[in-house]
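Presented below is the structure to which this report refers.
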Amino acid sequence: MTKNDLRAQGYSVEERFPRPSVVNAFWAILTLIFIIGTFGGLFFLTEPDIDKKVHDDTFITLIKSAGSALTLGMFDSEVAGYFLLAILMMFLYLFLKLFMTIIFCRKSESIKFKLLESKGMPMCLCREALKVWQTVLIYLVPFILTYSLYIFLCIYYQGNPAFMVLFFFQIFFMVFDLTLIIYLLIVRLKDKPDYIAIDHHIYGYTVFKKTYVKFSRRKKI
């Protein structure tokens with residue numbers, strides 16, 4: 001629902017700007033927890049070895065072929081191929097967020113891609129106000145799908161160092177969205193807003209709550 005519609009219907013409006021230092025600290029701690037937990041689990045489930053030769057199946061061959069085509073055979077095609085894969089995985093993550101945003105946003109012109117100022121983090125925003133559960137799903141579904149895909153690649157290829165490195169760097173982007181999800185859940189439990197609009201990711205959002213007017217029903221004497 002558009003912000004103007006909510007204002008016209010008498011919803012209270014409160015813009016909030018969490019302290020960047022608190023947000024950054026929470027993001028850093030959560031990222032560290034995820035890195036330790038994720039890679040600790042992967043090292044337990046797989047047998048990573050930087051000197052181990054990964055068997056070239058169709059997927060690995062495709063990665064190397066794409067890298068060779070990208071560099072015209074002048075550089076290490078394997079490194080270039082994995083670099084291309086990292087870019088494609090990031091675009092896949094953004095596409096999933098775009099897909100989820102399209103599902104819940106009423107107007108296509110409300111959807112906007114941008115880089116978060118001072119952070120350089122790519123974002124897909126819906127400029128409308130949504131229910132908290134809708135906003136959570138926009139960020140949670142891409143996180144779960146991308147995280148699961150990386151886990152599958154790392155386990156299937158038994159700790160392939162290349163996939164582990166790609167996973168390591170993308171975790172920073174994914175946990176950035178997970179931090180927003182946790183903030184939204186805290187706001188939902190604490191304030192119970194009817195709608196919420198994400199203006200600057202975690203660093204700025206608007207809360208909309210329905211105002212109720214109570215009338216006295218005392219008997220006249």
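Read-outs throughout are calculated quantities, based only on the coordinates presented, and are distinct from any laboratory measurement. These numbers come from a predicted model, not from an experiment. Cβ atoms come from the backbone with ideal geometry, glycine included; neighbour counts cover every protein chain shown.
Which entries in the list LYS3/LYS210; LYS3/LYS112; LYS107/LYS190; LYS64/LYS114 go over 20 Å, if you measure between the two C-alpha atoms of each?
LYS107/LYS190; LYS64/LYS114, as the Cα separations exceed 20 Å there.
Taking the chain as a Gaussian network, Cα atoms linked when under 10 Å apart, which of THR31, THR211, THR101 shows the biggest mean-square fluctuation?
Its mean-square fluctuation being the largest, the pick is THR211.
Run through region 87-118 and list the chymotrypsin sites (Phe, Trp or Tyr not before Pro) located in a DSSP loop whose Cβ has at most 13 other Cβ atoms within 10 Å.
For chymotrypsin sites (Phe, Trp or Tyr not before Pro) across region 87-118 that sit outside H, G, I, E and B with at most 13 neighbouring Cβ atoms in 10 Å, the list is empty.
Go through the chain and flag any cysteine with no other cysteine's C-beta closer than 4.7 Å, please.
CYS124, CYS154
Suppose each label sits 7 Å from its Cα in the direction of the beta carbon; what would the LEU185-PHE104 distance come out to in nanometres?
In this crude label model, LEU185 to PHE104 measures out at 1.4 nm.
Please give the length that would be gained between MET121 and HIS200 if that part of the chain were fully extended, namely 0.36 nm times their separation in residues minus their C-alpha to C-alpha distance (nm, one decimal).
Stretched out fully, the MET121 to HIS200 stretch lengthens by 27.3 nm.
Could you tell me how many cubic angstrom of Cα convex hull volume the chain has per residue?
Cα-based convex hull of the chain, divided per residue, equals 170 Å³.
Please find the FRET efficiency linking THR61 to ILE35, where r is the Cβ-Cβ separation and R0 is fixed at 41 Å, and quote it to the nearest 0.05.
After rounding, the FRET efficiency stands at 0.85.
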